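Throughout, read-outs are computed from the coordinates displayed, never taken from laboratory work. Source: prediction; values computed, not measured. Neighbour counts run over all protein chains shown; Cβ positions are idealised from the backbone, glycine included.
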Amino acid sequence: MARKYRRWSRDEYDRLETLINQRWRYADIAADMGREIYSVIGAAQRIGLMSKERQGWRMRKDWAEVDRTLTDCIEAKMMTVPQAHDYMARIGQPVAMGALYRRLKTMPLDVQRRAKGNSVMRMTAACHRVHRRNKSKTT
C-alpha cells in the first residue's frame, strides 16, 4: 500500500537538523518524526545534511588488514583468490570474493602477477593430475 506524500514543514526541517547534529540514526529520527526512513534520508540530502561519515557507516574499517592478509595469502602461501577467500572466512575475516578481486586490482603489479601465476600454476597442476589419471586408466 503506497503512502501519501506529506510535505516537510520548516519546523520539521529544523527538528531534523537538530537530531542529525545530535548524531541520531536515521531510523530513530524516522520513528520520532513519524516518517519513513527514506523520507528522512531524502530530506537530509535536500538540505545538505548528509556527511560522508554517515553515508558510509556500513563500510568496512579494516581494509588495511584485509589487504595484508590477501597479500600474504598470494605471496607467501601461493594461494589463488578463491582459496584466499576461503582461508579468510576460516580465520574469521570474511570478505566477499568480488571485493577481493577489486582490492587485488589496486595492489602493486607484482602482487597481481603473482596472483595470476598462482592461478595458472594451480590449473596446470590440476590438468596434469587429470592427464595422469586418464593415462593410467587406459593402460
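Odds and ends about this structure:
- Global size of the stretch 63-138: 14.7, 51 Å for Rg and Dmax (C-alpha atoms, Rg to one decimal, Dmax whole).
- Residue range of the chain that is longest and free of trypsin sites (Lys or Arg not before Pro) which are both DSSP loop and sparsely packed (at most 14 other C-beta within 10 Å): 78-139
- Loop sites in the stretch 1-51: GluC sites (Glu not before Pro), DSSP, at most 16 other Cβ within 10 Å: 36
- Relative contact order [Cα under 8 Å, 6+ residues apart], the chain, whole percent: 15
- Distance cut-off 19 Å, percentage of C-alpha pairs in the chain lying past it: 66
- Cleavage-rule hits (chymotrypsin sites (Phe, Trp or Tyr not before Pro)) in the stretch 33-139: DSSP loop, at most 15 neighbouring Cβ within 10 angstrom: 57
- Rh (Kirkwood; distinct C-alpha pairs) - the stretch 1-43, Å: 10.6
- Approximate spin-label separation residue 99-residue 36, in nm, with each point projected 7 Å along Cα-to-Cβ: 2.9
- About its Cα centre, the chain has a charge dipole of approximately 940 debye under the convention of +1 per Lys or Arg Cβ and -1 per Asp or Glu Cβ, with nothing else charged.
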